[in-house]
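Report on the following structure.
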Amino acid sequence: MAAMDPGNERDLQTEVDGLMDGLRSDLERLAAIPSISFPGFPAGPVLEAHDLLVELLHDAGVAHVERIDLPDTAPVIFAEIPPPHPDAPTVLLYSHYDVQPPGDESLWQSPPFEPTPVEGGLRARGIADDKSNVIAHLGMLRAFGGRPPVGVKIVFEGQEEYGSPFDAYPPTDPERFACDAMVIADLGNLRPGTPTLTTGLRGAAEVVVEARTLQEPRHSGEFGGAAPDALLVLLKALATLHDVHGDVAVEGLRREEWEGAGYTEDEFRKLAGVVGGLPLLGSGTLGERLWSGPAITVIGLDAPTVAHAASAVVPYARAKLNLRFHPRQDPHEAQDRLVRHLLALKPFGVPLTVTPGDTGPGYEAATGGPAYRAARTALREAWGTDASYIATGGSIPLVNGLAQAAPGAEVLLFGAQDNLCNLHAPNERVLFSELRATVLAMCAFVREYAAGFRQGAAS
Ligand SMILES: [Zn+2]
């Protein structure tokens, strides 16, 4: 494969168009492998996906490919292409080759591991999240004949969806992950055709709150009215977490104006599947509610079920809360604010037991450096319109691990997914238009970044 002229936008498009058939068939091969690294699923397909990617990397001209084996996780593919000259920057490319389980297969319009054409794309589990982005990285390598104008480090992980001890690994081996910029390709666009850089990730924390009021259930006719009802106590506590508008009412959780792009309310209603005409929670912009402010969700409740309800005062009830907080707030501080709020309540004079659970830090990217400049140019070139900045409520723990390992590196989050991909849901799909544009964007990014770096070094 001849290396193209990296300076020419039209050459790049022609080159990428010529690669698309091959990339599509490799994406189909990869998406046909049920590489689910959850407990209870066989490990064979995960290793098969691993081996296929190693082969594809070799074929794309990457000589140095190794595997990082850690306990309790799938092998991590690590590959390296040295910089073409000493002044060239090094870019780390990340994505993952494992997928979510398909869930209830009867909800799928075609078998989840038989990639099936849909309008403008393909349907299969994991074809967007994150195999499309694995293929986009490969596309970039192919476009440059395995010799991109930057040094490249590739990290393809195999247990992202379930959670992996690899998240904590990069800071223990910083030399290996040293780079000037990283492209974390495990997401995509605000909507198809809208190039998007995700610059913030909210942090997350869990808290369990319990009320114990009686030794055991007591007849609600004889005791109800005076015996303290644990479920009522708990519900009263949960009702204090939001004000009348639905805004989080716990003090000390950071909330700031969101300055990037965002969904319209109608778009969000559709995406969230809000039942006809109902208002959304909270006030202010959606960006503020979803990305630069807190959210508290009651994700589980232990109480008698309606089907098995006895006429009795409930002695014990418990809820699990999921807190999402501002990308820059300290996770323990945020969690502590919620814990203290609950401890201070004592609904009807009953103290609650509050147990803090796991926390995960958020992330906010610095967007003023040369890699961001290059990425903005690249995304505009690939999609024909300026990039939007968004954040996401989901956290990607590995981002923090990589950022700690390479503290000076700029972190870019973009990729081939879009908001209508059905990630983690039945009928996941990816669009060829987004895949093609992502390959173009990756190529244009390394070209622009290398050129900017040279100028930076010369001036
Ligand atoms: Zn993913």
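I want the local charge near G246. Using Cβ-Cβ distances under 14 Å, sum +1 for each Lys or Arg and -1 for each Asp or Glu among the other residues. Result for the neighbourhood of G246: -2.
Once you keep just the Cα pairs under 8 angstrom separated by 6 or more residues, what percentage relative contact order results for the chain?
25
Straightening the chain between E251 and T385 buys 44.2 nm, computed as 0.36 nm per residue apart minus the Cα-Cα spacing.
On a 29 Å Cα-Cα criterion, which of the cross-link pairs K131/K153; K270/K346; K131/K320 come out too long? Among K131/K153; K270/K346; K131/K320, the Cα-Cα distance tops 29 Å for K270/K346; K131/K320.
Ordered by the count of other Cβ atoms within 10 Å of each Cβ, fewest first, K153, K236 give K236, K153. Look at the dipole of the stretch 178-280 built from charges on Cβ: of A261, V275, G188, the Cα furthest out on the positive end belongs to V275.
Taking the C-alpha atoms only, the angle from helix 432-458 to the longest principal axis of the chain is near 70 degrees. Here is the P(r) of the chain: all C-alpha pair distances, binned every 20 Å from 0, give 23, 52, 21, 4, 0 in whole percents. For R29 and E9, a Förster radius of 30 Å and the Cβ-Cβ distance give a FRET efficiency of 0.50, rounded to the nearest 0.05.
Just to confirm a number: summing +1 for Lys and Arg and -1 for Asp and Glu over residues other than A178 whose beta-carbon lies under 14 angstrom from that of A178, what do you get? Here the count lands on -3.
The relative contact order of the stretch 292-393, computed from alpha carbon pairs under 8 Å that lie at least 6 residues apart in sequence, is 22 percent.
As an exercise, use a Förster radius of 56 Å and the Cβ-Cβ distance of K346 and L420 to find the FRET efficiency, rounded to the nearest 0.05.
Efficiency, rounded to the nearest 0.05: 0.75.
If the segment from D173 to S311 were pulled out straight at 0.36 nm per residue, it would be longer than the present Cα-Cα gap by 43.7 nm.
Between the residues L23, P84, A43, the greatest Cα displacement towards the positive end of the dipole of the stretch 1-98, with unit charges on the Cβ of Lys, Arg, Asp and Glu, is found for A43. Take the Kirkwood radius over Cα pairs of the stretch 185-302, plug it into Stokes-Einstein at 10 °C and 1.306 mPa s, and you get 90 µm²/s for translational diffusion.
What 222 nm value per residue comes from the helices of the chain, counting each DSSP H run with n ≥ 4 as -39,500 (n - 2.57) and dividing by all residues, nearest 500 deg cm²/dmol? Before the final figure, lay out the partial values.
On the way: 11 runs with 139 residues, N = 459.
That comes out to -9500 deg cm²/dmol.
The string of couplings for the stretch 129-134 from the Karplus curve (6.51, -1.76, 1.60, θ = phi - 60°) is 9, 9, 5, 4, 7, 4 Hz, one whole number per residue in order, with x for Gly and Pro. For V314, nonlocal amide neighbours, meaning residues 5 or more places apart or on other chains whose placed amide H falls under 5 Å from its own, are A230, L231. Stretching Q404 away from L271 to a fully extended chain increases their span by 44.5 nm, per 0.36 nm per residue minus the current alpha-carbon distance.
Within a 10 angstrom radius of the beta carbon, how do E210, E160, E381, E259 rank from fewest other beta carbons to most? Could the numbers behind the result be given before it?
Details: E210 16, E160 26, E381 20, E259 12.
Sorted ascending by nearby Cβ count, the order is E259, E210, E381, E160.
The residues neighbouring L52, those whose beta-carbon lies less than 9 Å from its own, together hold a net charge of -3 under the Lys/Arg +1, Asp/Glu -1 convention. The C-alpha atoms of the chain define a longest principal axis, and helix 370-383 lies at about 80 degrees to it. The label point for L107 and the one for E80, both projected 7 Å from the Cα toward the Cβ, are 4.4 nm apart. In degrees, nearest 10, range 0 to 90: what is the angle between the Cα axis of helix 9-31 and the longest Cα principal axis of the chain? Compared with the principal axis, the helix lies near 50 degrees. If R0 equals 45 Å, the separation of the Cβ atoms of T355 and D17 corresponds to a calculated FRET efficiency of about 0.20.
Computed from the coordinates by the stated procedures, all read-outs in this text should not be read as laboratory data. Keep in mind that what you see is a predicted model, and the values were worked out from it rather than measured. No Cβ is skipped: glycine too gets one built from the backbone with ideal geometry, and neighbour counts run over all protein chains shown.
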